[in-house]
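Engineer: Once you've had a glance at the structure underneath, I'll fire off some questions.
The values are calculated or read from the model by the stated rules, or taken from the named source; none is laboratory data. Note that the structure is predicted; figures quoted are calculated from it, not measured. Cβ: placed from backbone, ideal geometry, glycine included. Neighbour counts: every protein chain shown.
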Amino acid sequence: MARQIPEKKRLRVEDRANECCEYCYSQMRYSPDRFNIEHIIPVVLGGLDDLDNLALACFGCNRAKHRVIEVRDGLTGRMVMLYHPRRDRWLDHFRWSENLLEIVGITAIGRVTVERLKLNRERVVNLREVLLMVDKHPPSLFKS
Ligand SMILES: [Zn+2]
């Protein structure tokens, strides 16, 4: 785990992210644990504590990403940067599957991020299924 982020900054990151994991869009309010403030570019690779380098991430995404920022794309064999919540727009790289339970990568960035961060982990999909039944999934920011 990296440096401690001051509470005020943490709250700004949580608020900016609408209290959703910025990768898998799990909602903090339906998680038993508070989410992590994640360094998009890890501290060990020179990433700073600036708001531009911080994202809200659930434990699963944070753990799966670890210190990785780029991954080989199985489809093309090329190295591809993982999704960057500050530089990239989620909807440019991902969409919800027809039944809204899975995240589909629609670009190379989307594909490698779905795979590396395991955005469709069984428990996350199970939670989406339950939340969908009570109209709490996808998160309200996806509803226009
Ligand atoms: Zn997540």
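Engineer: Conditions first: (1) over 22 Å from residue 138 (Cα atoms); (2) of a type in the set (Lys, Arg); (3) away from the ligand (no atom under 16 Å from the Cβ). Residue 95 passes all but one, so which condition is the exception?
Structural biologist: Condition not satisfied by residue 95: (1).
Engineer: Here is a further query. Is it the case that some residue within segment 82-90 is aromatic (Phe, Trp, Tyr), surrounded by fewer than 19 Cβ atoms within 10 Å (Cβ to Cβ), under 13 Å from the mean Cα position of the chain (by Cα) and closer than 25 Å to residue 41 by Cβ?
Structural biologist: Among the residues of segment 82-90, at least one is aromatic (Phe, Trp, Tyr), surrounded by fewer than 19 Cβ atoms within 10 Å (Cβ to Cβ), under 13 Å from the mean Cα position of the chain (by Cα) and closer than 25 Å to residue 41 by Cβ, which makes the answer yes.
Engineer: Looking at segment 106-128, which of its residues are away from the ligand (no atom under 16 Å from the Cβ) and of a type outside the set (Val, Ile, Thr)?
Structural biologist: 108, 111
Engineer: Would segment 14-36 turn up any residue that is more than 11 Å from the ligand (Cβ to nearest atom), crowded, with 16+ Cβ neighbours inside 10 Å, among the hydrophobic types (A, V, I, L, M, F, W, C) and at pLDDT 95 or above?
Structural biologist: no
Engineer: If you don't mind, there's one more thing I want to ask. Quick check on my filter: what residues within segment 117-144 are under 17 Å from the mean Cα position of the chain (by Cα), hydrophobic (A, V, I, L, M, F, W, C) and in a loop (DSSP other than H, G, I, E, B)?
Structural biologist: 117, 119, listed by residue number.
Engineer: Would you mention how many residues in segment 30-66 are assigned to a loop (DSSP other than H, G, I, E, B) and out of contact with any strand residue (DSSP E or B) (no Cβ under 9 Å at 6 or more places or on another chain)?
Structural biologist: 9
Engineer: I've got another one for you. If you go through segment 91-116 one residue at a time, how many are among the charged types (D, E, K, R), outside any helix (DSSP H, G or I) and surrounded by 14 or more Cβ atoms within 10 Å (Cβ to Cβ)?
Structural biologist: Going through segment 91-116 one residue at a time, the tally reaches 2.
Engineer: Before we move on, is residue 75 in a helix (DSSP H, G or I), under 27 Å from residue 125 (Cα atoms), more than 12 Å from the chain's Cα centre (by Cα) and away from the ligand (no atom under 16 Å from the Cβ)?
Structural biologist: No.
Engineer: Within segment 52-72, can you find the residues that are more than 26 Å from residue 12 (Cα to Cα) and either in contact with a helix residue (DSSP H, G or I) (Cβ under 7 Å, 6 or more places away or on another chain) or within 16 Å of the ligand (Cβ to nearest atom) (or both)?
Structural biologist: 71
Engineer: For residue 49, indicate whether it is farther than 18 Å from residue 140 by Cα, away from the ligand (no atom under 15 Å from the Cβ), surrounded by 14 or more Cβ atoms within 10 Å (Cβ to Cβ) and in contact (Cβ under 8 Å) with a residue 24 or more places away in the chain.
Structural biologist: Yes.
Engineer: Return the pairs, sorted by first residue and then second, in which the second residue is more than 9 Å from the ligand (Cβ to nearest atom) and β-branched (Val, Ile, Thr), the first residue lies in segment 22-36 and is closer than 21 Å to residue 114 by Cβ, the beta carbons are less than 8 Å apart, and the residues are 6+ apart or on different chains.
Structural biologist: Going by the 8 Å Cβ cut-off, the qualifying pairs are 23/113; 24/103; 25/103.
Engineer: Another question, then. Just wondering, is there one or more residues in segment 117-130 that are closer than 23 Å to residue 15 by Cβ, touching a residue at least 24 places away in the same chain (Cβ under 8 Å) and surrounded by fewer than 15 Cβ atoms within 10 Å (Cβ to Cβ)?
Structural biologist: no
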